[in-house]
Amino acid sequence: MLSRRQFLGVVGAAASWPAIGLGDSPVSEWGSPVFDLHFHMRGESAANVRHLDGAGITSANLLTRAAAGDQVRALQTAVPGRFTWFCSADPATPQSVEELTARVKAGARGFGEMKYHLATDGPEFRRLYTLAAELRVPILIHFQEVDHFENEGTWSPGFASSFERMLKAFPQTTFIGHADAFWANVSAGYHNEAAYPSGPIARGGITDKLLGDYPNLYGDLSANSGNNMLSRDPAFTADFLRRHQNKLLFGSDCACTDGHGSGVSQGNNPGAARLAGKCVARETLTVLKRSTSSEIFRKITWDNAHSLLKIPA
Ligand SMILES: [Zn+2]
Ligand SMILES: [Zn+2]
């Protein structure tokens, strides 16, 4: 016999019931509502909704650039209650402080995605760490030191060597870590050998330790990097999710068009071929679902983001 939760899951998948407004708490085919922290805003309103609906996602956080304010407002008006947003601006430009301040005053709930060729502990990023603390919003950072294509260059280099000093120096700043270097360093002994290392996780890695030691650090599980880390070592994954159940956030960073893997899913990134033709959101929700309890699943895919982004539940 199906439990109520399973029943609602089956009905939700088969009949595409609205994700919000079914009884008191929203449900989805995943058994509980799902919030995607890492969703790059698409040009057309309908394309944004198509990915959420296709992957069974309730609501999402749009990652935008400073110029995209009107587009965000149009989407929020057209589809009320399903989108929050972050905004990014180049930390190397002096106007980034004004731009980000204005966007937060206009409703952005964080800085991101911050993906720039600037050192993690450099003056440009430090200026924005201070600003994020003043504005009381989190800053979402892409850490990557192995090229996906020739001459790509590093993004926020210095994660393994310098980031702990930033966590200490900016205790009032809430950091959300993401991408290759952040998740590869869950395993000890990693030295940028590959963007997406495989095989069992060596216990005691830097990222695991930082998540345990610093209340101002959270982890965004999006993209191939997050999915790859979760897929390497099932016993480790179950324990990792349990230990950091209040610090981890589901995100997709998926570029597929329909929530089922259509379109170009891993363009310009041959190293991520394992997810080509697949929806990253679906793949990561599936590994989370089989790796943890429904209570922890709900925290990672819904509750934690609502607390951190101060979204009314
Ligand atoms: Zn990224
Ligand atoms: Zn997708």
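The values are calculated or read from the model by the stated rules, or taken from the named source; none is laboratory data. No experiment lies behind these values; they were computed from the predicted model shown. When we count neighbours, we look across all protein chains shown, and the Cβ atoms used for this are built from the backbone with ideal geometry, even at glycine. Areas reflect the complete protein model, heavy atoms only, side chains present, ligands, DNA and RNA absent. Shrake-Rupley method; radii C 1.70, N 1.55, O 1.52, S 1.80 Å.
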Give 209/289; 209/299; 168/209; 168/299; 115/299 a once-over and call out the pairs whose C-alpha atoms are over 22 Å from each other.
209/289; 168/299; 115/299
What nm value, rounded to one decimal, do you get for the distance between residue 134 and residue 260 when each label is placed 7 Å out toward the C-beta?
4.9 nm
Let me have the 222 nm mean residue ellipticity of the chain computed from DSSP H runs of 4+ only, each contributing -39500 (n - 2.57), with the sum over all residues rounded to the nearest 500.
-11000 deg cm²/dmol
To the nearest 20 debye, what charge dipole does the range 189-313 have about its Cα centre, counting +1 at the Cβ of each Lys and Arg and -1 at the Cβ of each Asp and Glu?
260 debye
Signed unit charges on C-beta, dipole axis of the chain, positive-most listed residue 89, 191, 110:
110
With +1 assigned to the C-beta of every Lys and Arg and -1 to the C-beta of every Asp and Glu, and no other charges, what is the dipole magnitude of the chain about the Cα centre in debye, to the nearest 20?
900 debye
Distance violations [Cα-Cα > 29 Å] among 278/310; 105/247; 247/278:
278/310
Spacing of the two label points (7 Å from each Cα toward its C-beta) at residue 152 and residue 295, in nm
3.9 nm
How far apart, in nm, are two points set 7 Å out from the Cα along the Cα-to-Cβ line at residue 97 and at residue 77?
3.3 nm
Taking a ≥ b ≥ c as the square roots of the eigenvalues of the Cα gyration tensor, with a/c under 1.5 meaning rounded and otherwise prolate when a/b exceeds b/c and oblate if not, the range 113-260 is rounded
Taking alpha-carbon centroids only, the range 200-252 lies from the range 51-90 a number of Å equal to 26 Å
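Using unit Cβ charges (K, R positive; D, E negative) and no other charged atoms, how large, in debye to the nearest 20, is the dipole of the range 270-309 about its Cα centre?
Value, rounded to 20: 160 debye.
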By the gyration tensor of its Cα atoms, with a ≥ b ≥ c the square roots of the eigenvalues, what is the shape of the range 273-313: rounded for a/c under 1.5, prolate for a/b over b/c, or oblate?
oblate
For residue 311 and residue 193 in the same chain, what is the full-extension length gain: residue separation times 0.36 nm, less their Cα-Cα distance, in nm?
38.6 nm
Say a paramagnetic label sat at a point 7 Å from the Cα of residue 40, along Cα to Cβ; which residues of the range 233-252 have their backbone N under 16 Å from it?
251-252
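What shape does the range 224-313 take by its C-alpha gyration tensor, where a ≥ b ≥ c are the square roots of the eigenvalues and a/c under 1.5 counts as rounded, a/b above b/c as prolate, and the rest as oblate? Mind dumping the intermediate values first?
Details: a/c = 2.30, a/b = 1.43, b/c = 1.61.
Oblate is the answer for the range 224-313, as a/c is 1.5 or above yet b/c matches or exceeds a/b.
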Over the chain, with every protein chain in place, what whole percent of the accessible area is carbon and sulfur at 1.4 Å, could you tell me?
54 percent
When the chain is treated as a GNM, springs tying every alpha-carbon pair under 10 Å, which of 179, 238, 195 comes out with the largest mean-square fluctuation?
238
